[in-house]
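A short worksheet on the structure shown next.
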Amino acid sequence: MLDLTMQRIKLPLAARDFILNLFSCKKNRVITSHGLTDPYDVLIGIDQGEVISPLLWTIYYDPLLCEIQQQRNIGYELTHTWSPNLTHPELTNTLSETITSQAYMDDTNWIGSSKQQIEKILTIAHDFYNLNNILVNDHKAVLMTTAVQVITDSNTRDKRAIPITFLVGSKSITLTPLLKTQSTRFLGVWVSLSKTNNFIFNQVKSIVQQNCNIMKRKFLTDLQLQYIFNRVLAPQIEYRTQLTIFNEFQCAQLFAPLRKLFKHKIGLASTAPNYITDCHSIYNVSNLSELQLLSHVSKLHKQLNNDNLLGDVTHIRLRNLQTSEWMVSNPLVSWSQS
């Protein structure tokens, strides 16, 4: 099947043979504390640890994603209609995009507007998995829905969601949806339907506190601390907060333990001005508020200049914001300060 998918995108025969030979007729040996194990045959498949694996998974899964995207009346439709000229309200423009999935290698999100749509998507996906001998653990799936029904335990007063059963081909899959306040992880980023940042705030707070507890017992110079803050902690926090925006008070609250540790290590009082650590001409330690601002502005720039789905979704959201705020032009050009 991998060969057929490569033929689909018209890869040359020599390239196809080279790639197939990487994953065919292989034997593996496992390194143990007692030496190497005996060789064993490896089933034909794509190894997740290989450098080329992300590219091959994209090629391999593309027929499935395209098939589902081409289905009618499936997916989440993002649309906006507006009148470019208020003197002629009967003349309107419309932007619309339909999103059915998000996928990276074998981590896939299926998106639908109803239970019936999800059942149809899962049926097509399971046909693809069966055709390619791909084993999928349906019980590891996570369901998020705005139509979750909640019941409250009369004894403990705890809330729990009512399970939902999906009919997929000849079998059924029962999943318990997450509560709107609960979060789930996709590629290291946590998402929640409630749009609250409490979960991410506590995550970042825990990361900062754990690292401070480790570093306060170490003999570190000021430049070593600066490197750890800017090159280790800052990227980690930036990745975790991709979908979250903290206000200045929250940023200061999260960054306070790091500032206090840095000042202590260089022999300053905790009440010393923050300018000493933040100044670009002195230590230039990453400030969480500035880091967040730079990160999101950079992402917005990429979104606005993207010619594919990401760019289209961004422009639809901008048009939606312009209409809801009664702006005469694009929010990026003119924003009312009243």
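Of note:
- Farthest towards the positive end of the charge dipole of the chain, among the residues Pro39, Ala125, Ile266, is the Cα of Ile266, using unit charges on the Cβ of Lys, Arg, Asp and Glu.
- Computed over region 74-117, relative contact order equals 41 percent, with contacts defined as Cα pairs under 8 Å that lie 6+ residues apart.
- Just so you know, the Rg over Rh for region 1-131 is 1.19, from Cα atoms, with Rh as the Kirkwood radius.
- Cα-derived Rg to Rh of region 139-230, Kirkwood definition: 1.20
- Dipole of region 120-189 computed with +1 at Lys/Arg Cβ and -1 at Asp/Glu Cβ about the Cα centre; of Asn137, Asn155, Val189, farthest Cα towards the positive end is Asn155.
- Electrostatic dipole magnitude of region 186-338 [Cβ: Lys, Arg +1; Asp, Glu -1; Cα centre; debye, to 20]: 640 debye
- All aspartates and glutamates inside 15 Å of Lys171 as judged from Cα atoms, apart from same-chain residues fewer than 8 positions distant: Glu119, Asp127, Asp138
- Residue-wise HN-Hα couplings along region 182-191, as the Karplus relation 6.51 cos²θ - 1.76 cosθ + 1.60 with θ = phi - 60° gives them from phi, are 8, 10, 9, 9, 9, 6, x, 10, 8, 10 Hz; Gly and Pro carry x.
- Sequence-ordered 3J(HN,Hα) estimates for region 22-31 from the Karplus curve with 6.51, -1.76 and 1.60 and θ = phi - 60° stand at 5, 10, 10, 6, 9, 10, 10, 9, 9, 7 Hz, glycine and proline given as x.
- Accessible surface of Arg317, taken over heavy atoms with a 1.4 Å probe and every protein chain present, rounds to 120 Å².
- Its Cα centre serving as origin, the chain has a Cβ charge dipole (Lys and Arg +1, Asp and Glu -1) of approximately 1220 debye.
- Note on Glu325: accessible area approximately 100 square angstrom, rounded to 10, probe 1.4 Å, nucleic acids and ligands left out.
- Sorting Ile237, Ile282, Ile124 on solvent-accessible area from highest to lowest, probe radius 1.4 Å, gives Ile282, Ile124, Ile237.
- In the assembled protein chains, His280 presents an accessible area of approximately 130 Å² (probe radius 1.4 Å).
- Lysines with Cα under 16 Å of Lys260, excluding same-chain neighbours fewer than 8 positions away: Lys205, Lys216, Lys218
- Candidate aspartates and glutamates for bridging to Lys263, where Cα separation is under 20 Å - those fewer than 8 sequence places away on the same chain excluded: Asp222, Asp278, Glu290
- Residues of region 177-202 with amide N under 19 Å of the 7 Å Cα→Cβ point at Phe249: 196-202
- Region 180-253: chymotrypsin sites (Phe, Trp or Tyr not before Pro) falling in loop per DSSP and having at most 16 other Cβ within 10 Å: Phe219
- Under 5 Å, built H, 5+ apart or other chain: amide partners of Ser101: Ile111
The values are calculated or read from the model by the stated rules, or taken from the named source; none is laboratory data. All values derive from a computational prediction rather than experimental measurement. Using ideal geometry, Cβ is built from the backbone for each residue, glycine included, and neighbour counts are taken over all protein chains shown. Accessible surface areas use protein heavy atoms only, side chains included; no ligands, DNA or RNA. Shrake-Rupley method; radii C 1.70, N 1.55, O 1.52, S 1.80 Å.
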